[in-house]
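Each remark here refers to the structure printed beneath this line.
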Amino acid sequence: MSLNVKQGDNVVVIAGKDKGKTGRVLSANPGAGSVVVENVNIVTKHRKPRGAQNPGGISKEPGNIDVSNVQIICPSCNKATRVRAGESEGKKIRACAKCGASLDVKAKADKKTKKTAKKDEAKSEEVAEKKTAKKPAKKSTAKAKPAPAPETAMGEESK
C-alpha cells in the first residue's frame, strides 16, 4: 500500500477520538497503512523491569493511527489538503490539491537543516575542546647567562 503521508509531515486528524488535533508524523508504516503522530492516540504501556538499567513502570507514548484518518497540512496555504501527483524537474512530487504547491520541498529543507545543524554542533564542540585544552607554557625569549666555569681544586683553571 502506498502512502501519501511521509515521516516529518504535519498532519491533522480528521476522524476518531483525537479529531482536530495536529502533529508531526513520527513514523509511517506502509504495510499496515498506519502512521504515528506526536501527541495523538496516546496509549499506556506497562513495562516489566529488565534489570537495574531498565526499570519497569507505566509509560505513555503515541500509538498507531490509520492513514485514512489524517490529512496533510500544506506548508504554503496552511490548510488540510488532499495530495495530488505532480512533476518538477523530471521527478515525481507530491503537490497540494488546493494551491498546487509542492509538499516535498519542506521535508527536503528540514533534512538539510538537520544535517547542517549536526555539522555546526560538531564544529562548536571542537572549538570548545580547543579552548578548554591546556596551553603550553610560553618559553622565555631572553637568553640565559652561561653558568660560571667550575674551579679546580687548586683554584686555577687548567688549560
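Assorted remarks:
- Accessible surface of the stretch 4-93 [probe 1.4 Å, protein heavy atoms]: carbon and sulfur percent: 45 percent
- At R0 = 25 Å, FRET efficiency that the Cβ-Cβ distance of S59 and K98 yields, to 0.05: 0.05
- Of K6/K60; K6/K92; K19/K79, those spanning more than 20 Å from alpha-carbon to alpha-carbon: K6/K60
- Accessible surface, the stretch 1-114, averaged per residue in Å² (probe 1.4 Å): 67 Å²
- What the phi angles of the stretch 24-39 give under the Karplus curve with 6.51, -1.76 and 1.60, with θ = phi - 60°, is a coupling list of 9, 6, 7, 7, 10, 10, x, x, 8, x, 9, 9, 10, 10, 5, 6 Hz, glycine and proline written as x.
The values are calculated or read from the model by the stated rules, or taken from the named source; none is laboratory data. The model shown is predicted, which means the values in this text are computed figures rather than measured ones. As a convention, Cβ positions derive from the backbone with ideal geometry for all residues, glycine included, and neighbour counts pool all protein chains shown. Protein only, heavy atoms only, side chains kept; ligands, DNA and RNA dropped before computing areas. Shrake-Rupley method; radii C 1.70, N 1.55, O 1.52, S 1.80 Å.
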